[in-house]
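Chemist: Handing you this structure, nothing more for now.
The values are calculated or read from the model by the stated rules, or taken from the named source; none is laboratory data. All values derive from a computational prediction rather than experimental measurement. Don't worry about glycine lacking a Cβ; one is built from the backbone with ideal geometry, like all the others, and counts go over all protein chains shown. Just so you know, the surface numbers come from the protein's heavy atoms only, side chains and all, with ligands and any DNA or RNA stripped out. Shrake-Rupley method; radii C 1.70, N 1.55, O 1.52, S 1.80 Å.
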Amino acid sequence: MGLGEILHNLVFDYTLRTVALGSGVLGVVSGALGAFAVLRRQSLLGDSVSHTALPGIAIAFLLTGAKSPLVMIIGAAVAGWAGTLLVMGIIKTTRIKSDSALGLVLSVFFGFGLVLLTFIQKMPNARQSGLETFLFGQATALMERDVIVMAVLGALAVITMLILWKEFKILSFDPEYGVTQGFPMRTVEVILTTVLVIAIVVGLQTVGVVLMSAMVVAPAAAARQWTDRLGLMIFLAALFGAIAGISGAVISSLTLRLPTGPTIVLCISAIVLVSMMLAPNRGLFWNWIRRWYNRRLLTLNAVLADMYELAKVHDDPSHAHPAATIEAMSYRTGGVRRSLDALEESGLVQRSRMDEWALTPKGMAEAEKVIKSMEVKT
Amino acid sequence: MSGYDKNKKAVEVTDLTVAYREKPVLWDIDLNVPSGILMAIVGPNGAGKTTLLKSILGLIKPAAGQVLIYGRPYEEQRHTVGYVPQRGSVDWDFPTSVLDVVMMGRYGALGWIRRPGKKERLVAMEALRKVSMDNYAHRQISQLSGGQQQRVFLARALVQDASIYFMDEPFQGVDAKTERAIISLLKELRSAGKTVVVVHHDLQTVPEYFDWVTLLNVRSIASGPVDDVFNEDNLRLAYGGLVAFKSHEHREQVKN
């Protein structure tokens, strides 16, 4: 299928349009609010909220007997919220550390959710099918009313974030200072957690309980690589989330029975990988280049210094020495010839006869500079 | 000691007790800080110095006791109190600029929702100038050295325009030059009639930098003008006989 056809379908194909819109919304919302979770070093919160939401979904279905999106989301939100408060409570009142508390609550709630799901599947009722899509997500089941609910709730979450920007910022950077500034930080934290819970449960039907935490953490992790500004970071996280959501939806629509959730997560993982490698300043690739460049500079300087030493023992500073002599002076024999070639190119050394080398006047001056800087350091 | 008013109490702590799981961290502390002085709080590790600051600032809920700032509860006087936390208490890799951090000192005055604007920017730049960090205003905070981080925190407290400043180890990990710059800033604040309370760990510099001192080790060992209370007996009480230090000034005073 060509790109033009995909674009055409995105606009005119009802299913694909709905799925892509829903996935895009989920990417924006979880990306933007996940950034605050990542900055507060609470990446695991996403995992805990999404897993603890599962029994909520099951109970909501058992109570109402219906699979309306709003009911499911409310059930998920209540359970996710209760689970998170439970984690916070355990951390505060016992000696159990936060990671253990998260693991504990997460597995108990998730296990309970699985039991309820199995129970529902065995019920003599035709309407129960499809609830298990919440495990890994099934975006193709998304309908227009689902997307509208997602968009409204997501917009609510993002607008809250924009209104309380300053408060969320100080909560993430220095909450104690926030208290001395007169803000009830506990309240701010509860609001942020609530908004994050909304962002997560909005995406559960599409991405699924198991992989939703990736949509919370990954866009922020990728965005952080590219910028040092909070506003830009959150914008980028939202953008990356949207790109991953839409492209994941399109790719999974092209192949039969390819689950949307994992595909979206693979897309965001690719974005993370590229960001980790290529982002300026923080990217591994540029780090390698920088390190390689520094090492090369170091070897060049060492060769210059060695040649300066050699030149000093002769009256004629342009007295040439064979490359082997210079090599013998160096601890690492490798690379001396290559360095000489590079130095010749920049006009610092000249080759005389076969393989004999001498400093040019320009190289002499450079070597003096190098030696001086070495002396300062030692 | 430039004309402080002994009758005007900047901070008045009575019967303050703080406990973590039944173990007292601070025990029955009474503390009076007259207005317009530079006070050091010294004591061994685990003496509760930081806890004392945090309880005064309402960051830790004490088991018992009362704190008054200029005769009124802290909650009513929050705007008159500036705070410089320990440098290591935040993540310096947070994506924000120096200017942004300093403007956080105005958040309380701004109140909910309202964002810092042009006025806050000007005030923050002015404070950065005072700590000679104005050239760094737009730097990312992770690019700062320890001393620069400390000065940013000081600037953030300065924009609060408070009457009392509480500072937690502002000299920790800074070079001699920054230390001198900070102490002259503190003295400037005192000349402007402000009160400064500093958690300090270097006993050598106490007589040189401060006019009042509180020796703390879970209990309040002694508190008063440096000349009166900063002596060997009190230091031994606070540090449990492990103090080899005695300042030159004090040796002379003992002789006299």
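Chemist: Taking A:Val38, is it in contact (Cβ under 8 Å) with a residue 24 or more places away in the chain, more than 14 Å from chain B (Cβ to nearest Cβ) and closer than 21 Å to A:Ala222 by Cβ?
Modeler: On the way: in contact (Cβ under 8 Å) with a residue 24 or more places away in the chain: yes; more than 14 Å from chain B (Cβ to nearest Cβ): no; closer than 21 Å to A:Ala222 by Cβ: yes.
No: the conditions fail for A:Val38.
Chemist: Within the range A:142-174, how many residues turn out to be in contact (Cβ under 8 Å) with a residue 24 or more places away in the chain, within 14 Å of chain B (Cβ to nearest Cβ) and assigned to a loop (DSSP other than H, G, I, E, B)?
Modeler: Looking only at that region, the number is 1.
Chemist: Can you spot a residue in the range B:36-48 that is away from chain A (no Cβ under 14 Å), among the polar types (S, T, N, Q) and assigned to a loop (DSSP other than H, G, I, E, B)?
Modeler: Filtering the range B:36-48 for residues away from chain A (no Cβ under 14 Å) gives B:36-48.
Subsequent filtering for residues that are among the polar types (S, T, N, Q) retains B:45.
Applying the additional criterion that residues be assigned to a loop (DSSP other than H, G, I, E, B) yields B:45.
Checked the range B:36-48: at least one residue is away from chain A (no Cβ under 14 Å), among the polar types (S, T, N, Q) and assigned to a loop (DSSP other than H, G, I, E, B).
Chemist: Can you report the number of residues in the range B:74-92 which are within 14 Å of B:Ile141 (Cα to Cα), more than 9 Å from every other protein chain (Cβ to nearest Cβ) and surrounded by fewer than 18 Cβ atoms within 10 Å (Cβ to Cβ)?
Modeler: Count: 2.
Chemist: Another question, if that's okay. Return yes or no: is A:Ile57 in the same structural domain as A:Gly154 (by TED's automatic domain parsing), over 30 Å from A:Arg224 (Cα atoms) and part of a loop (DSSP other than H, G, I, E, B)? Step through it out loud before you land on a result.
Modeler: On the way: in the same structural domain as A:Gly154 (by TED's automatic domain parsing): yes; over 30 Å from A:Arg224 (Cα atoms): yes; part of a loop (DSSP other than H, G, I, E, B): no.
Considered against the rule, which asks whether it is in the same structural domain as A:Gly154 (by TED's automatic domain parsing), over 30 Å from A:Arg224 (Cα atoms) and part of a loop (DSSP other than H, G, I, E, B), A:Ile57 comes out as no.
Chemist: Could you give every pair whose Cβ atoms fall below 8 Å, whose first residue belongs to the range B:119-134 and is in contact (Cβ under 8 Å) with a residue 40 or more places away in the chain, and whose second residue is small (Gly, Ala, Ser), counting only separations of at least 6 or pairs across chains?
Modeler: B:Lys130/B:Ala155; B:Val131/B:Ala155; B:Val131/B:Ala181; B:Ser132/B:Ala181
Okay, residues lined up against (1) open to solvent by less than 10 Å² (accessible area, probe 1.4 Å); (2) within 14 Å of chain B (Cβ to nearest Cβ):
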| site | (1), (2) |
| --- | --- |
| A:Thr187 | no, yes |
| A:Val207 | yes, no |
| A:Leu211 | no, no |
| A:Ala238 | no, no |
| A:Val265 | no, no |
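Chemist: Is there a residue in the range A:90-102 that is crowded, with 23+ Cβ neighbours inside 10 Å and either in the same structural domain as A:Ala237 (by TED's automatic domain parsing) or in a helix (DSSP H, G or I) (or both)?
Modeler: As a first pass, look at the range A:90-102 and keep what is crowded, with 23+ Cβ neighbours inside 10 Å: A:102.
Among the residues that remain, those that are also either in the same structural domain as A:Ala237 (by TED's automatic domain parsing) or in a helix (DSSP H, G or I) (or both) are: A:102.
Yes, because at least one residue in the range A:90-102 is crowded, with 23+ Cβ neighbours inside 10 Å and either in the same structural domain as A:Ala237 (by TED's automatic domain parsing) or in a helix (DSSP H, G or I) (or both).
Chemist: For the range A:103-125, give me the residue count where each residue is hydrophobic (A, V, I, L, M, F, W, C), assigned to a helix (DSSP H, G or I) and open to solvent by less than 80 Å² (accessible area, probe 1.4 Å).
Modeler: Taking the range A:103-125 as the starting set, the residues that turn out to be hydrophobic (A, V, I, L, M, F, W, C) are A:104-106, A:108-110, A:112, A:114-117, A:119-120, A:123.
Of the ones still in play, those that are also assigned to a helix (DSSP H, G or I) are A:104-106, A:108-110, A:112, A:114-117, A:119-120.
Now restrict to residues that are open to solvent by less than 80 Å² (accessible area, probe 1.4 Å): A:105-106, A:109-110, A:114, A:116-117, A:120.
Summing the residues that are hydrophobic (A, V, I, L, M, F, W, C), assigned to a helix (DSSP H, G or I) and open to solvent by less than 80 Å² (accessible area, probe 1.4 Å) in the range A:103-125 gives 8.
Chemist: Have a look at A:Ser269, A:Ser253 and point out the one that is touching a Leu at 6+ places or on another chain (Cβ under 9 Å) and open to solvent by 20 Å² or more (accessible area, probe 1.4 Å). Step through it out loud before you land on a result.
Modeler: On the way: A:Ser269 fails: touching a Leu at 6+ places or on another chain (Cβ under 9 Å).
Residue meeting the stated conditions: A:Ser253.
Chemist: I've got another one for you. Residue by residue through the range B:33-45, note down the ones that are more than 15 Å from the chain's Cα centre (by Cα) and touching a residue at least 12 places away in the same chain (Cβ under 8 Å). Can you show your working first?
Modeler: Taking the range B:33-45 first, the residues more than 15 Å from the chain's Cα centre (by Cα) are B:44-45.
Result: B:Pro44, single match.
Chemist: Condition first: more than 11 Å from chain A (Cβ to nearest Cβ), in a helix (DSSP H, G or I) and buried (at least 22 other Cβ atoms within 10 Å of the Cβ). Can you find one or more residues in the range B:104-125 that meet it?
Modeler: Within the range B:104-125 (the criterion being more than 11 Å from chain A (Cβ to nearest Cβ), in a helix (DSSP H, G or I) and buried (at least 22 other Cβ atoms within 10 Å of the Cβ)), the answer is yes, since at least one residue qualifies.
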